[in-house]
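Bear in mind these aren't lab numbers, they're just calculated from the coordinates by the rules spelled out. Please read these numbers as outputs of a predicted model, since none were measured by experiment. Counting neighbours? That spans all protein chains shown, and the Cβs are built from the backbone with ideal geometry, glycine included.
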Amino acid sequence: MASRQEMRSEETKKAILTAAAELFSQKGFDAVSIREIAKEAGCSHTTLYIYFKDKEALLHELSVGPLQALQKQMENVIADSTLSQDDRLKKVSVLFIEFCLSHRTMYTLFFMVKASRIDVEAEPAEELQILRTKLFDLMKSALLQSLPEEKNEARALAFARIYFYALHGIIGTYTHSEETSEQLMERLAPTFELSVEVVLEGCKQQMEKGAGRK
């Protein structure tokens, strides 16, 4: 059984994370100071430093767990041999969209803040960036499985980028919607699935044109 001190310590940590999440979503990561977070959490900035060494540590703590859960769900879908290749892509894409809409206030934090390129081979140093890269690689893998074989790696990467742009465009459209994620998914899931089909068909047509020019 946790001691009273341990319980207080855990409560303080949760308060700091809650305050950081709220302030980051309201003002942006760069605009928020450690002192602001501590004040919102009801503690001193020296107390905050006992739990987190800097804002990047807070970013890591807030982001890694949810993104790891998303990664696992995406991996399960892609490994599902009962689905066709196109259905796997459709399902993993809608899953990604639903996750982002369910975490709208944290969306920028999860994917944009302190982000480096996710489409390069060099291994990123930070765990959060590694996760972002893995999510991109999973989506790229699902997309390429649904396309004709593309031996030109640069061209295959271009298709993956375009597809990722399309998904983030959908998400960005509803970032500030007053509807809940459940309401959005109930109303728009068929449209999201159709969007996947349209982008996929466009990629296939472009690949066929490219093959015809060879």
| query | For the subset of region 142-156 comprising residues that are touching a residue at least 24 places away in the same chain (Cβ under 8 Å) and crowded, with 16+ Cβ neighbours inside 10 Å, which member is farthest from L109 (Cα to Cα)? | reply | E150
| remark: Within region 9-25, of all residues that are hydroxyl-bearing (S, T, Y) and within 24 Å of the chain's Cα centre (by Cα), the one surrounded by the fewest Cβ atoms within 10 Å (Cβ to Cβ) is T18
| query | For region 80-113, how many residues meet the condition of being surrounded by fewer than 16 Cβ atoms within 10 Å (Cβ to Cβ) and closer than 16 Å to K134 by Cα? | reply | 2
| request: Could you list all residues from region 174-213 that are exposed (fewer than 12 other Cβ atoms within 10 Å of the Cβ) and part of a helix (DSSP H, G or I)? | output: E182, E186, R187, P190, T191, V198, E201, Q205, E208, K209, A211, G212
| query | So which of G42, G28 is surrounded by fewer than 16 Cβ atoms within 10 Å (Cβ to Cβ) and closer than 29 Å to F96 by Cα? | reply | G28
| task | List the number of the failed condition for S102; all other conditions in (1) among the small types (G, A, S); (2) touching a residue at least 40 places away in the same chain (Cβ under 8 Å); (3) out of contact with any helix residue (DSSP H, G or I) (no Cβ under 7 Å at 6 or more places or on another chain) hold. | result | (3)
